[in-house]
Amino acid sequence: MTDQYDIVIIGCGVIGSSIAYHLSEYKQKRILVIDKGFPLSGTSGSTQAWVWVHNKVPKWYGELSMYSAELYPFLERKIGDVEYKRTGGIAPFFAQTDRDKALRLVEEQAEVGIKVEVLTRDQVLEKEPALSPKIAGATYSDMDGNVNPFRLVELYIKAAKRNEVEFSFYNPVIEMVMEKDHYKIYTKNKKDAITTERVILAGGPWSKEIGELLGLDIPIKQVRGQVIITEPLAPFLKHTIGGMRQAENGEVLIGFSKEEVGYDRRTTMDVIQETAQMAINYIPSLAKANIVRSFSGVRVIPEDGFPILGKIPDKKNAYIAAMHSGVTLSPLVGTLMAELVMEGETSICLERYSLKRFMNYA
Amino acid sequence: MKTDVLIIGGGPAGLNAAIETASRGIKTIIIEESYALGGQLKQQTQFFNNLPKQFDRQRGIHLMRTLIDRLSPLPVTCLLKHKMIGVYKDGRIGIANDTETFPIDAKKVIVTTGAAEETDLFPGWTLPGVMTVGAAQILINRERVLPGKNALIVGLNSFSAEVTKQLKACGINILGVIDKNVSVNDKKLVDGLEDKKIRVMVNTVIERATGAGEVEKVTINNDGKKEDLDIDLICIGKGLSPILEPLEILDCEFGFQAKLGGLVPKYYSTLGTSNPSVYVAGNAAGITCLGGILVTAEIAALNALKALGVLNDNEAKISSSFLWDELRSMESEESIETFIARVAHIKEFHEECELPLPASFHAILEGC
Amino acid sequence: MYIDHHPILENHGNDQISFFYDGTPLKARQGQTIAAALMMNNIRKFGISRKLRQSRGLFCANGRCCSCFVTVNGLEHVLSCTTLIEEGMEIKPNTGDPDVRGGIHEN
Amino acid sequence: MDKSTIVCRCEEINVDEIEGAIRMGASTFDDIKRLTRCGMGPCQSKICMNLVRELIANNLGVSISEIPPPRMRMPLKITRLGILAGKTSSSNVVSVFDEASLEAGER
């Protein structure tokens, strides 16, 4: 590893590795990706990995998600099989009063071309017979699906490596100094600074700490989600259901929880039991399935809920990509960030997603 | 459910700890995963000579009865077929049985989960008919079922040698006991087997085990010399390591002590762990002999009682130094290395926490 | 095979119970685990693995390794080494796991 | 040793797959677990934990004492979902329908 790069990406989760891969396709720059741990040891390795579009609101956020979901089949042709399945997504509701909300969602999403249907109970049960007859209805879209996050990150990395991107794992960044035309980055495992012309912050929930190294206050929260997993079951769930899905290997992943507890990645019996109860409310027949394990992930929630993407205002050649739903958005964010870095402009306007929006409030 | 002391695991350590706490009138619950108390004593037909004073020389299965008989008049609740599956946010322990999951709120928890058998890696080790020596012993002594007719034993240690003799006594043909090490330090072990006309082969490994649907044949490699044996049973005896899962989710820290079975929870001279409400005893606190299992349980129980304010400092001090002497004598009888490793393990943790060892403990240290 | 005359232990009671394995009526002793009841009837292969379709049976006998799964009265993936056999139980081998990932077949 | 020897009985992961992950830079059990699924099956690494730690130690030329154990996950033993489910007042669990508004910042 030499010490000079054109671009350094900090964070090798689904977003960092996607940006690295997409940048590497230009085959022009010397790129290094640094991670404090090993790939998949953070948020990207502890997700249900939905590629989820249909109830992302407002519509412009839904639109961004839709474009990204549409890129998955093309991505697979380039990096390999990431087990992307466009299963269609069902978001059940239990109260008839939710139907009005659902109808408003249909109207809003239609304006950007996201086709959402409101299903009656019978229609839901016809699509997914295992769901509980207590369900009042659901919103549905055939755009939703899921992916294997482990394969996704692994294949982004492998494809980037083929394009000569370098990786440094177990190597936390401890200091960053901005000099006139480059950044000096100091890491735990290397005595000398790494110098780079451009730096991209892709630290997921750790973006706050990384931002502080540049004197920035990145407005994100850490939200813990706990997920329980069944033993592999014969395939019986065809769709991605709001809160649960059946993976390709037959395991059903179930998770509904949100807790603000910082970086604490423990699971707790309290939430596991609530999640189990919820799962049975959705699919009564799951009561007999063995739960094998649980895990938790720290998700990134920007303070207004929407992605933070683009150039960092007032910092030359520094960029950030931090968002919830990184799995859904990774192909598009990788593409757009690569465009931004290489060409200076993007095929979809990212103005709305700039970090600037938070600075204006201040 | 609320209790003063919760004991995780109803084997010899758990039972003996419960006798200590319950005989002081302290509310005690034992949870045991199996359908019966006794842990691995349930199938130990061999005699144990080296036991604490209050026990006569006896077979493991009889010791189990002795312990249960002593416990039964005491105020203790034994929850059979209950397993610890997790921890709640507030520290309560999550227990599941056949019908429900519920919390137990305990002031002190004594983890006596015992040990698990280690395994060996060779092609075919997943075939039916390949099992741990412990599993084979359960089959002959608890279940009264012959696990096979012609057996090869992999790994020589005192436990595997004992079970080998028991298997032979039940009529199983033992084709050999093999060990990958070039020599066996314990000559008595080898002699004991050879006296029973059991072939012992050192510097020998399994090349592969094969069979259709179950194990039928094994190829062994003795220093380059290969030999095929027709067998229907392979028993793996690679030794024991402490069961750590419950301790891990109780946020207990671990250290490494090869002579205690590898990863072992860190603990003080009280057998208290890095979690102030959790104590550990028996094989879960480092692999030891049955005498060691019983005495560590008493030490942990004693210190839990002291922490609960049931015993005063002086009482605790006197009993504790007596028990440590007894533990040293139990463990040095079998292998002084265990006791030395245990003392080193404790010392390290005290140093790490900058907590001085109790004065009485220094006398113990000088003894070894 | 049942050990009628144990070298050390007294003889068990003769309380026999009946159960079914894959439809066939078999006998076991009261107090045995399902795994032991099967092995007493010379059944050592309890199931086949999910991916490579290899035979599996009792391994640790302590409820840890999960190699001894059987189906009991319709409930799948029961640990046969820690569950006691009961009169009339219908046991089925664990051969029906969906081969959801493909793989080489071996029996 | 034959590289196709199974290490993880549950997920049927062999020596070669584990060594492949180590070559990619994996140095802990959990790194290998995420790349290969080793230890993710019903026994939750109870059987393969030390086998894998030993493989890592041998491949990296370090002592097994340096290799941390995998993170244990609840439930510590396989548990039926119905048995796990408890009636508690919901606090942190929201339906996905609420989540849509949460993500949209409608609080």
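Each reported figure results from applying straightforward, stated rules to the coordinates on display, with no laboratory input. This is a predicted model, so every value here is computed, not measured. In this analysis, Cβ positions are derived from the backbone assuming ideal geometry, glycine residues included, and neighbour counts consider all displayed protein chains.
Structural remarks
- Alpha-carbon centroids, the stretch B:12-62 and the stretch B:299-313: separation in whole Å: 20 Å
- Taking GluC sites (Glu not before Pro) in DSSP loop states with no more than 12 other Cβ atoms inside 10 Å as exposed sites, chain C has its longest site-free stretch at C:11-86.
- Distance between the stretch B:85-117 and the stretch D:16-88 - C-alpha centres, whole angstrom: 22 Å
- Packing-based ranking, highest mean first, of A:7-16, A:126-135 given that Cβ atoms within 10 Å are counted: A:7-16, A:126-135
- In this calculation the C-beta distance from residue A:125 to residue B:354 is compared with R0 = 60 Å, giving a FRET efficiency of 0.40.
- Helix A:14-24 vs. chain A, principal-axis angle (Cα, 0 to 90°, nearest 10): 50 degrees
- Long hydrophobic helices in chain B: the complete DSSP H runs spanning 18 Å or more by Cα along their own axis with mean Kyte-Doolittle hydropathy of at least -1.0 are B:290-307, B:313-352.
- Between the listed residues A:49, A:71, A:94, the Cα displaced farthest toward the positive end of the dipole of the stretch A:1-95, a dipole computed from Cβ unit charges relative to the Cα centre, is found at A:94.
- Chain B, helix-only ellipticity at 222 nm - DSSP H runs n ≥ 4, -39,500 (n - 2.57), divided by all residues, nearest 500: -10500 deg cm²/dmol
- Least to most buried among A:293, A:104 (fewest other Cβ within 10 Å first): A:104, A:293
- Computed magnitude of the charge dipole of the protein assembly as shown (debye, nearest 20; Cβ of K, R +1, Cβ of D, E -1): 620 debye
- Between the stretch C:64-78 and the stretch A:168-205, the alpha-carbon center distance in angstrom: 52 Å
- Taking GluC sites (Glu not before Pro) across the stretch B:79-131, the ones in a DSSP loop with at most 16 further Cβ atoms lying within 10 angstrom of their Cβ are B:100.
- Shape class of the stretch B:119-236 from the alpha-carbon gyration tensor: oblate, with a/c at 1.5 or above and b/c at least as large as a/b.
- Neighbouring Cβ atoms from other chains, within 10 Å of the Cβ of residues in C:42-52, number 5 on average.
- Trypsin sites (Lys or Arg not before Pro) restricted to the stretch B:69-133 and DSSP loop, no more than 13 other C-beta within 10 Å: B:89
- Each of A:6, B:186 has some number of other Cβ atoms within 10 Å of its Cβ, and from fewest to most they run B:186, A:6.
- For the stretch A:203-362: rounded, prolate or oblate by the Cα gyration tensor [a/c cutoff 1.5]: prolate
- Violating pairs (Cα-Cα greater than 26 angstrom) within the set A:36/A:85; B:53/B:180; A:85/A:127; A:27/A:85; A:208/D:33; B:42/B:81: A:36/A:85; B:53/B:180; A:27/A:85; A:208/D:33
- Partner shielding of B:214-223 amounts to 1, given as the average count of beta-carbon atoms from other chains within 10 Å of each residue beta-carbon.
- Take each peptide in B:296-305, B:337-346, count the other Cβ atoms within 10 Å of every residue, and average; sorted highest first, the result is B:296-305, B:337-346.
- Pairs exceeding a 24 Å alpha-carbon distance, out of B:165/D:46; A:56/A:238; A:78/A:115: B:165/D:46; A:78/A:115.
- Other protein chain Cβ atoms within 10 Å, averaged over every residue that makes up B:169-180: 1
- The ranking of B:156, C:26, A:103 by Cβ neighbour count inside 10 Å, starting from the fewest, reads A:103, C:26, B:156.
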